[in-house]
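Have a look at the structure below, then the notes.
The values are calculated or read from the model by the stated rules, or taken from the named source; none is laboratory data. Quick caveat, the model's predicted, so the values are computed rather than measured. Cβ atoms come from the backbone with ideal geometry, glycine included; neighbour counts cover every protein chain shown.
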Number of protein chains: 6
Amino acid sequence: MERVPTGVKGLDKMLEGGLPSGTCILVLGGPGAGKTIFGIQYLYMGAVEYNEVGLYVSFDESPVSLRKNMECFGWNLKRLETEAKFFFLDLSPIRAFPKEIEESFVKMNLLETIKKKVQEIQPRRIVIDSLATLVVQFPNVVERRSTVINLFQTVMDVGATGLMLNELPTTYYPGRELQVEEFLAHGVIIFRSLEERLRIFKAIQIEKMRGVSHDSQLRPYTIDNNGLKVFSKENIFVPATTIPIRTTK
Amino acid sequence: MERVPTGVKGLDKMLEGGLPSGTCILVLGGPGAGKTIFGIQYLYMGAVEYNEVGLYVSFDESPVSLRKNMECFGWNLKRLETEAKFFFLDLSPIRAFPKEIEESFVKMNLLETIKKKVQEIQPRRIVIDSLATLVVQFPNVVERRSTVINLFQTVMDVGATGLMLNELPTTYYPGRELQVEEFLAHGVIIFRSLEERLRIFKAIQIEKMRGVSHDSQLRPYTIDNNGLKVFSKENIFVPATTIPIRTTK
Amino acid sequence: MERVPTGVKGLDKMLEGGLPSGTCILVLGGPGAGKTIFGIQYLYMGAVEYNEVGLYVSFDESPVSLRKNMECFGWNLKRLETEAKFFFLDLSPIRAFPKEIEESFVKMNLLETIKKKVQEIQPRRIVIDSLATLVVQFPNVVERRSTVINLFQTVMDVGATGLMLNELPTTYYPGRELQVEEFLAHGVIIFRSLEERLRIFKAIQIEKMRGVSHDSQLRPYTIDNNGLKVFSKENIFVPATTIPIRTTK
Amino acid sequence: MERVPTGVKGLDKMLEGGLPSGTCILVLGGPGAGKTIFGIQYLYMGAVEYNEVGLYVSFDESPVSLRKNMECFGWNLKRLETEAKFFFLDLSPIRAFPKEIEESFVKMNLLETIKKKVQEIQPRRIVIDSLATLVVQFPNVVERRSTVINLFQTVMDVGATGLMLNELPTTYYPGRELQVEEFLAHGVIIFRSLEERLRIFKAIQIEKMRGVSHDSQLRPYTIDNNGLKVFSKENIFVPATTIPIRTTK
Amino acid sequence: MERVPTGVKGLDKMLEGGLPSGTCILVLGGPGAGKTIFGIQYLYMGAVEYNEVGLYVSFDESPVSLRKNMECFGWNLKRLETEAKFFFLDLSPIRAFPKEIEESFVKMNLLETIKKKVQEIQPRRIVIDSLATLVVQFPNVVERRSTVINLFQTVMDVGATGLMLNELPTTYYPGRELQVEEFLAHGVIIFRSLEERLRIFKAIQIEKMRGVSHDSQLRPYTIDNNGLKVFSKENIFVPATTIPIRTTK
Amino acid sequence: MERVPTGVKGLDKMLEGGLPSGTCILVLGGPGAGKTIFGIQYLYMGAVEYNEVGLYVSFDESPVSLRKNMECFGWNLKRLETEAKFFFLDLSPIRAFPKEIEESFVKMNLLETIKKKVQEIQPRRIVIDSLATLVVQFPNVVERRSTVINLFQTVMDVGATGLMLNELPTTYYPGRELQVEEFLAHGVIIFRSLEERLRIFKAIQIEKMRGVSHDSQLRPYTIDNNGLKVFSKENIFVPATTIPIRTTK
């Protein structure tokens, strides 16, 4: 099966090369997990290192704000945009004025707008940020299922490999409820924030990846000036001794 | 009672020979558990080793995608299909367009379509992937019960042995809510993903198997190039010592 | 108070002789717990050892299937049926076609059908398998209460001793919600599946038994070729040492 | 404050003499906890040792069944009834036929029937078994509150001391939801079934008792041939060592 | 900021003098926690030691019953009432007959009745027992918020310092849901009943106290013949050793 | 990225200089966590140390009450108001009389009133206290999302940096449900109250901060005469030894 490297080296090692090509991968994480950073890094590295065209569909943030937030990683999105290697589809206005437009029209239109854009620019890599802002408009579970499936189909129809960023509805814990999207996607990557003995650890987990063998253990990751970094050979370690008290003046 | 070997050797040992013939077995698991791999392996091994005709009813994935995902296990489904040993019933289009067809017609039609196909090809082995996509259309619990029962009856009417793949609604934990399907099925096999001390273990459990004695302990399993492998003589072990911390640079 | 031995020796010891005569006992358990085996064993032993007529009311499984499943225990139900010591009331068709008959008629009819059969054959032992399939039709809690009570009354009117098999809505854990049936029944026996340190233990517990003294501790049970076996002098034991890890190749 | 001994010696010690006179005490417990035994014992001891007239209002069980169940404790209720020291108000028919009578009439009538009986026989001790069967008819929380209050008032208007037996909606655990009745009653006594390390312990707890000082610790109790026995000087003890495993053949 | 001593010495130490004057403090506790005792003690001590007029608004209990319950602490409320230092506003009839009066009239009237009484007697200390009986009539969360705020305003308009007694909806545990009243009040004091290793401990906690520094640790309290006693220098201690088992005969 | 120091030195160190300029930060905390103190401190320090104009939008408390509560920290808000460095927008009346004004008008008006005020005084720093009082009026999740987004936009349109104070719906624990606001905000700061072994610890956590690197560990904080103090180099420590019991007389 053909692979698409994510551009995050440790993660590509966990994936034994990269994501399976032509699929849709769900990326789950809480606030501050780095989902958006991962999404941009995936497109940026794709453009710079593999010369692949990327499309970023943004429901939650304007391109202006995104470009600015990504500057600290040294990623010059503007330049890639000028080179037609990186495209924004800015759907963020929709989230602020849902009441002013006829409801079902909005829903149809969102999917249609994405489809048209995708077919127009024929990207190799697509990021949807976030699925939650889209599906929140579909309280009916059957409709929600078919919306997600249609979106996936849109991505796969052009042979692209998509990352579907999504909000984790709870801080991740053993025993959480599974979401329908996790069953529908070809793969699921979870960015977790672990709290053990009052210390916080960030860890990445490949919950599911159809058709390719992969590392399914928790691996630590950090976010620094170069973006996400995954430590594919490390385990998550928790201190063995109970921590002594120290009073702070 | 006559037995139907699953083709997964370790599991067949746990079952003391195989599944009871002419029954419907529920297969539960989270995303990435390997339910679909197990379903295909059951039909593939049935065709290759026991010369039994198999039917795969797919609600969630197209035959094209399934064939491709199974290549990494060396399972040539196309060849079996040509030999009329393996049949796909592709119901995946239904999941994307439920609104365009009159609702109750869809529901009737799904069951009728499966029934017709089953009676036409008279398979010995049937896999439904997944029950969840079917029952999601029946929010009423009484209707849901009778749909599941009718589906089971369809399988048993031709003397086939069926695997009903189903989504586990939560990551499995002590104290989870039981599903009505677990009580209706003749047997229940659960693919679990255990998280203990930040390590992830995969384990299989036979929760229920009517009319045949079986191993009811948790047994480890892996997914490798040959598909599922169950270690029927192993227990699940968890490290005894608390893991020391190691900082990652 | 007169006693009715269940035919499961260890359980009869826990009950200091048997169930109180002329009462209705709730039997709770998860999938695979052995509720149906227990129900059949109760009637089989009653017929063979005490020459008492038994009635099995089945909502979930056909007599054909039940007879077959019980063969592995060496219980020849067919012979007992010919000797008029064992009767089936097969209500399983009802569960598959609830929509085709007028709803309230169905409900009335179920209770009436049971009543007529009970009064016709005047059994000493009655098993309802399962209460869940009946009460699922009564979402209103007041109606549910009175249905259960009427069913209990039907059993007691002929002086029979009844086992009401029922599905446990969750895997049993400390802190589960109690069901209204547990308060209405004269006694409650729970078949539990305990998961401790990734090992699974089966244990029986007499939660309630009005009017007779009884052992209220958890006792281990197994299911083998002779049916249920309860170890009335054993405690449930859990390994003291943390289990060392062993990697499986 | 005047005291009313419950007749259970250990409990009377915990209460430093008995229940506060002229109040309504809520008695909570799961199935098999012994609430009904406690209720009958309270009236029986009141009649035999203190020559006080008692009234038992039964929603759930017929007098015939109750008399029979209490025989094993050597309590001859029939004799007390002949001596006009013990009265049954049998409201159990109501629970089986709620649909046949006009709904709000039923509700009014239940309270009115109790009131009339109470004022007619002027008992010193009253037991309601159980509050749950009454309040289940009032899904509205405001109505439920006022029903409970009116019932309490009925008891206190004749200067009687009442025990309101009630079902605990969950197996008791730290963190359970409190019920409105616990705030409305003058006192709350809880019969708990503790499960620690797979051993079951029965313990009584006085959660609340207005106007009198009392022992608020958990105390063990047993049910034997003489009824309830509370060990007011004992603590609940749990084995310190982890229990070694013993395999059962 | 001016302080109002509660009259419970240990608590006043935790508050570094007393409650902030002219505020509304929420007092939360389960059944039997001693909320009512604390409310009366606050008014009694205010009258006797600081010569301040107090008003007790009772939704749940009649003045007759309250006076009687408080006798065991040696608090002669009747005398204080004659001296016009202690006033009852008895709103308890309302809870029994909510249906007989037009609903919204009742709601308006309750607030109006309290307001009129407060403005008439101009108390320095006010206790509402309990907020729960009032807010239960307002299922709508926005209405509930504004009712609570209006009640608080009524207290503060006359410069009084109010205790709002309220029912804790669960036995207190880490992770409970917070109530809107906790955010609206100027301060929150919680009476907790801790259950550790089957021993019960009572502890008081100042969760919030705007504008004044205070001790936010858990402190033990007891209820004896003199009312509430808070041990402001003690911590809650739990036995370190696992308790050995002792069988009770 | 330009920084805005919060004025709480330890927190500014955790943020490596301060909040990212021109963004909206969510501040979550339970009752008594110090959210309001933090909000005022942010504006006070901004005015005094950086000469920046601040706006405090208050839904829950009147300016009179706020000024008084802040006196204990030595913050003279009145003086800053006279110098036009600190502005109150008092929307607290709205919370008491929501029924008297037409509902949707109220909602529109709240957002419009804030917008007008913001554009009039062009503040550099804005605090909304609290978001909860605003969003409680929008039970529909889509409407709630767009209200929050519009409010954020209002802040960012004038280039201000906003703190959105919000109520934590539960006492914070691993596994809590995430709120939609946490995903919409540019940053999330959580004030937590940790209860470990019956001791209470206050800790601050930066859950999310887009575009700037930051310390994501839990850090202790206290509230003293100078306001909030964050110990950016300290960890939270919990006593290692089990605490011995001490009886209190």
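Things to note:
- Qualifying residue in segment C:62-79 (condition: modelled with pLDDT of 95 or more, more than 12 Å from chain B (Cβ to nearest Cβ) and in a strand (DSSP E or B)): no
- Checking segment D:48-58 against the condition returns no match, with no residue being under 19 Å from D:Glu207 (Cβ atoms), in contact with a Leu (Cβ under 6 Å, 6 or more places away or on another chain) and touching a residue at least 12 places away in the same chain (Cβ under 8 Å).
- Residue check, F:Gly187 of a type outside the set (S, T, N, Q) and either in contact with a strand residue (DSSP E or B) (Cβ under 8 Å, 6 or more places away or on another chain) or farther than 25 Å from A:Ser92 by Cα (or both): yes
- Residues of segment B:174-186 that are under 30 Å from B:Asn150 (Cα atoms) and part of a loop (DSSP other than H, G, I, E, B): B:Gly175, B:Arg176, B:Leu178, B:Gln179, B:Ala185, B:His186.
- Of all the residues in segment D:187-235, those that are assigned to a strand (DSSP E or B), among the basic types (Lys, Arg) and within 8 Å of another protein chain (Cβ to nearest Cβ) number 3.
- Within segment A:118-134, being charged (D, E, K, R) and assigned to a loop (DSSP other than H, G, I, E, B) holds for one residue alone: A:Arg124.
- Extreme residue, modelled with the lowest pLDDT, among residues of segment F:212-249 that are surrounded by 12 or more Cβ atoms within 10 Å (Cβ to Cβ) and small (Gly, Ala, Ser): F:Ser213
- The residues in segment C:11-29 that are part of a helix (DSSP H, G or I) and of a type in the set (Asp, Glu) can be counted, and the count is 1.
- Test: residue in segment A:170-189 that is under 18 Å from the mean Cα position of the chain (by Cα), of a type outside the set (Ser, Thr, Tyr), crowded, with 21+ Cβ neighbours inside 10 Å and under 16 Å from F:Lys208 (Cβ atoms): no
- Count of residues meeting criterion [within 13 Å of chain F (Cβ to nearest Cβ), more than 21 Å from E:Asn109 (Cα to Cα) and of a type in the set (Val, Ile, Thr)] in segment E:133-169: 0
- Verdict on E:Lys85 being of a type in the set (D, E, K, R), touching a Leu at 6+ places or on another chain (Cβ under 8 Å) and at pLDDT 95 or above: no
- Among the residues of segment E:1-10, those that are under 19 Å from F:Asn69 (Cα atoms) and outside any loop (DSSP other than H, G, I, E, B) comprise E:Arg3, E:Val4.
- Residue check for F:Tyr172: at pLDDT below 85, more than 7 Å from every other protein chain (Cβ to nearest Cβ), in contact with a strand residue (DSSP E or B) (Cβ under 6 Å, 6 or more places away or on another chain) and closer than 22 Å to F:Gly39 by Cβ: yes
- For F:Glu196, the test of being surrounded by fewer than 18 Cβ atoms within 10 Å (Cβ to Cβ) and out of contact with any Ser or Thr (no Cβ under 9 Å at 6 or more places or on another chain) is passed.
- So E:Glu81, is it acidic (Asp, Glu) and over 24 Å from D:Cys24 (Cβ atoms): yes
- Test: residue in segment E:30-45 that is at pLDDT 95 or above and either of a type in the set (Lys, Arg) or assigned to a strand (DSSP E or B) (or both): yes
- Whichever residue in segment F:113-132 is within 14 Å of another protein chain (Cβ to nearest Cβ) and among the aliphatic types (A, V, I, L, M) and, among such residues, is surrounded by the most Cβ atoms within 10 Å (Cβ to Cβ): F:Leu131
- Scan segment C:62-85 for residues that are buried (at least 21 other Cβ atoms within 10 Å of the Cβ) and in contact (Cβ under 8 Å) with a residue 40 or more places away in the chain and the total you get is 1.
- Qualifying residues in segment A:1-26 (those that are within 15 Å of the chain's Cα centre (by Cα) and of a type in the set (Gly, Ala, Ser)) - the one surrounded by the fewest Cβ atoms within 10 Å (Cβ to Cβ): A:Gly18
- Of all residues in segment F:145-169 being crowded, with 20+ Cβ neighbours inside 10 Å and in a loop (DSSP other than H, G, I, E, B), the one that is modelled with the highest pLDDT: F:Ala160
- Segment D:46-61 - residue that is in a helix (DSSP H, G or I) and buried (at least 22 other Cβ atoms within 10 Å of the Cβ) and, of those, nearest to the chain's Cα centre (by Cα): D:Gly46
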